[in-house]
1. Give the number of residues within region A:152-170 that are farther than 19 Å from A:LYS127 by Cβ and out of contact with any Lys or Arg (no Cβ under 7 Å at 6 or more places or on another chain).
2. Applying the selection to region A:222-239, what residues are in contact with a strand residue (DSSP E or B) (Cβ under 6 Å, 6 or more places away or on another chain) and either within 18 Å of A:GLN84 (Cβ to Cβ) or outside the structural domain of A:ALA31 (by TED's automatic domain parsing) (or both)?
3. List, please: which pairs have Cβ atoms under 8 Å, are six or more places apart or on different chains, and start with a residue in region A:205-219 that is acidic (Asp, Glu) and end with one that is loosely packed, with under 14 Cβ neighbours inside 10 Å and at pLDDT 80 or above?
4. Could you tell me which residue of region A:144-159 is nearest to A:THR117 (Cα to Cα), considering only residues that are surrounded by 21 or more Cβ atoms within 10 Å (Cβ to Cβ) and away from chain B (no Cβ under 12 Å)?
5. Output the residues belonging to region A:190-217 that are under 20 Å from A:ILE163 (Cβ atoms) and either crowded, with 18+ Cβ neighbours inside 10 Å or among the hydroxyl-bearing types (Ser, Thr, Tyr) (or both).
6. Assess whether B:SER140 counts as being within 15 Å of B:ALA76 (Cα to Cα), under 26 Å from the mean Cα position of the chain (by Cα) and not basic (Lys, Arg).
7. Restricting to region B:228-265, name every residue that is touching a residue at least 60 places away in the same chain (Cβ under 8 Å), assigned to a loop (DSSP other than H, G, I, E, B) and within 9 Å of chain A (Cβ to nearest Cβ).
8. Suppose we keep only residues that are assigned to a helix (DSSP H, G or I) and in contact with a Ser or Thr (Cβ under 6 Å, 6 or more places away or on another chain) within region A:169-193. Which one would you say is farthest from the other protein chains (Cβ to nearest Cβ)?
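The values are calculated or read from the model by the stated rules, or taken from the named source; none is laboratory data. All figures in this text were calculated on a predicted structure; none of them were measured in a lab. No Cβ is skipped: glycine too gets one built from the backbone with ideal geometry, and neighbour counts run over all protein chains shown. Keep in mind that these areas ignore ligands, DNA and RNA; they rest on the heavy atoms of the full protein, side chains included. Shrake-Rupley method; radii C 1.70, N 1.55, O 1.52, S 1.80 Å.
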Amino acid sequence: MLKKAVIASIVFVASIAAFGCGKSATSVTLAGSTAFQPFAERLAEQYMESHNGVNITVQGGGSAVGIQSANSGAAQIGMADMVQLPDEAKGLTPVIVARDGVAIVVNPKNPITNLTTEQVRDIFNGKITNWKQLGGNDAPITVVSREAGSGTRSSFEKIIGSIQLKKDALIQDSNGTIRETVSNDPNAVSYLSHGMINEKVKPLTLDGIQSSVENIVNGTYKLSRPIFLLVKGNIQGEIKNFIDYVLSPEGQKTIKDNGLLPAKS
Amino acid sequence: MKLVGEKGVRRILMTVAFSAISALLLITLFIINEGLPFIFRYGLKDFLLSSDWNPAAGKFGIFPMITASLWVTFGAMITGAPLGVAVAIFLSEYAPRPMMKVVKPTIELLAAIPSVVYGFIGVMVLAPFIRSYFGGPGLSLLAGSIILGIMILPTVISISIDSIMAVPRSYREGSLALGATTWQTIHMITIKASKSGIIASIILGLGRAVGETMAVIMVAGNSVNIPHSALDSVRTLTANIALEMSYATGMHRQALFATGVVLFVGIIILNSIASVALRKRTSKR
């Protein structure tokens, strides 16, 4: 009985080892932006279907992690969604693979429909604290923001300009929890990746311009950011093949069908 | 068929036991190794007492997080401890034995619910309730305290019951024989005799409250802010580490490990107080 168990466990361990070694296929790892992660996973799946022997792994972590791991070699491709790449990304070759808008969102119960850039800045800086000051209900504004490593936050703050986020703003650590918080709080305001908007939140027009696909692509809606794939050194081999696939009409169609905007209109 | 002898078993078990302890040792060394140099470089006073947390600008003051952790823990004690002790007294002194045999394991099941579920309930039910009846953003110190108060219940209740049950039957019989009522016996004899165990149960519960992360991230709002009222949003030490670790580099990363050191020291202090209290109980008997 015991002997059998020992043999079984040896076989089990050996088979795991064999399986691990047998993976001689080329493998590519992507890491970074959580906004692009689901798209990258889908693209990787499609790519692996048509390319046998290639293994593509996708990890999240946020844009800052994407830049870090591309630099350190932990991932061959880093993903980042920000308006401007930070200095740490200087040694990396960036390729824009998609664009994404950032929408200012409020609860659907909120009567406000438009904010100017100035007003958005004042709200997030804590200068405007009541919806009444903007022509809405007499209710305090709940400002909700992302954590400091978020690409969505850095893009938002960069484009709106000179934001010193007020101290008592709520912080949520993903697009999903932002949407949940805003949909639960009638006085909340926040910003959200364009692809994440649904009927639970109401996107506002910014300076009178709607955050529609059309306006983001032609550049009229200014709160938008590119999504970068970052590679250290020359782009070649399997990494190049994969990036080429992402940029191919098929890859771009996947991106477009799932809510992001293609790199080129 | 004898694969391992008596001695072999002993050796194997010893190895396993020591690997558990060495894991603890390694974790301790790792956190201290990563965090302490930063504390020395940045200055303990600036680190603990400055309220300016702005990693991008090289400012690492965790005072708001320390206050938040203390307040949330205190709040958890206010909500959880009286409730827990009351349940423990009821179940051990008033409830019929069969009822306790059913209720106690059920309460202990509370400990098996993942903290993210508590957080979810907090976000969906508690936060909107607080927002509409008390005002503020809802995700707040109060919400965190209540959720943690519920989360520490299993710890408080089961250790309290154990220590109340450990009071010798003769104590109660003596008291009742002298003409004391049940309640008089409970609060003058039983509670007094099991006091250290009850205190230990609360302190162990607080240890859990201080260390809880996921539920707190979800319900407390996470703003780096010294709270002025229970309705303000706060960020605890644990939430600070969990929120920022994924993208922190360099000094920022070390500062988060240093935050871990502070937390670690706090929890060690709490647990030592609890074990001293528990030891007092056993030595008295």
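1. Residues flagged as farther than 19 Å from A:LYS127 by Cβ and out of contact with any Lys or Arg (no Cβ under 7 Å at 6 or more places or on another chain) within region A:152-170 amount to 2.
2. Once the filter is applied, which keeps residues that are in contact with a strand residue (DSSP E or B) (Cβ under 6 Å, 6 or more places away or on another chain) and either within 18 Å of A:GLN84 (Cβ to Cβ) or outside the structural domain of A:ALA31 (by TED's automatic domain parsing) (or both), region A:222-239 yields A:LEU223, A:SER224, A:ARG225, A:PRO226, A:ILE227, A:PHE228, A:LEU229, A:LEU230.
3. If the second residue must be loosely packed, with under 14 Cβ neighbours inside 10 Å and at pLDDT 80 or above, the pairs left are A:ASP207/A:THR116.
4. Checked region A:144-159; the qualifying residue nearest to A:THR117 (Cα to Cα) is A:PHE156.
5. A:SER190, A:TYR191, A:LEU192, A:SER193, A:HIS194, A:PRO203, A:LEU204, A:THR205, A:LEU206, A:SER211
6. yes
7. Result: B:ASP232, B:SER233, B:ARG235, B:ALA248.
8. A:ASN175
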